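The next block holds one structure in the form of C-alpha cells; read it before the comments.
Please treat every number below as a calculation from the coordinates, not as lab data. Keep in mind that this is a model prediction, so the values were computed, not measured. Note that each Cβ is placed from the backbone with ideal geometry, even for glycine, and that neighbours are counted across all protein chains shown.
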Amino acid sequence: MLSQLARLSVEADGRYATASELQFLKDYLATADQRMSAYEKIRDNEVQIMIDMETQSRLADANVFQKGERDVTQVCRRDRKQLLQCSAAAMLIDDLDRLRDGLLLWQSTIVRALKDEQASQVVCRVLPHVMQAHLTEAEAELMKPVLRLNQALLN
C-alpha cells in the first residue's frame, strides 16, 4: 500500500485522484481489521509458529537444516524468523513490492550463493500450512499472496 500511495501521489500531482485510482485504498480499508488481527496473531504466536515451521520442515525432510555434517538450524531459524516478520508486515500494509525489493531479493541471492535451495523449498512449502493453523481462513487468505511471492523468489 505504501508503494501504491507513493505512485498515486506522483500520478495525481496537481489534480484529484479518480475513483479507480482510489480503489486500492478502499480495498485495503475493507480488510484492515482482518490484516491487523492476522498480524497480531503472527506476532503473538511467533515462537509457536517458528516451532511448527521447523517441526513440519523436519518431517518433510529430516536433513533440511544440515549442510553436509554441519547443523545450520540456528542460521536457518534466524532467517525464517526474519522472513516471518517481514511477511507479516508486508501483509499488514499490503505491500508486496517492498518485501520483494527488500528482503526477498537479498535472501534469494543468499540462498543461491549458499546452495540452500532445498531448505528454502521445504520451508516455503510448509509455511502456508503453518499459517492456516494459526489464522482464520480469511486471515490466511490475506497471507497467501505474500507466501506465494516468498515461494516464487526463494525457490
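Counting alpha carbon pairs within less than 8 Å and at least 6 residues apart, what relative contact order, in whole percent, applies to the chain?
Here the relative contact order equals 32 percent.
Can you count the Lys pairs in the chain with C-alpha separation below 18 Å, eight or more apart or on different chains?
4
Taking the Cα centre of the chain as origin, sum charge times position over the Cβ atoms of Lys and Arg (+1) and Asp and Glu (-1), and report the length of that vector in debye to the nearest 20.
About 420 debye.
Averaging over all projection directions, find the projected area of the Cα convex hull of the stretch 32-154 and quote it in nm² with one decimal place.
6.7 nm²
Do the sum for the chain: with -39,500 (n - 2.57) for every DSSP H run of n ≥ 4, divided by all residues, what is the mean residue ellipticity at 222 nm, to the nearest 500 deg cm²/dmol?
One gets -25500 deg cm²/dmol as the mean residue ellipticity at 222 nm.
Between ASP71 and GLU40, what's the calculated FRET efficiency when r is the beta-carbon distance and R0 is 30 Å? Round to 0.05.
With a Förster radius of 30 Å, E is 0.35.
Answer with one residue from CYS86, THR109, LEU22: the one whose Cα lies farthest towards the positive end of the charge dipole of the stretch 6-143, charges on Cβ with Lys, Arg +1 and Asp, Glu -1.
Highest projection toward the positive end goes to THR109.
What's the longest uninterrupted piece of the chain once you rule out the trypsin sites (Lys or Arg not before Pro) that are loop residues per DSSP with at most 15 other Cβ within 10 Å?
Longest site-free region, per DSSP loop and neighbour criteria: 16-114.
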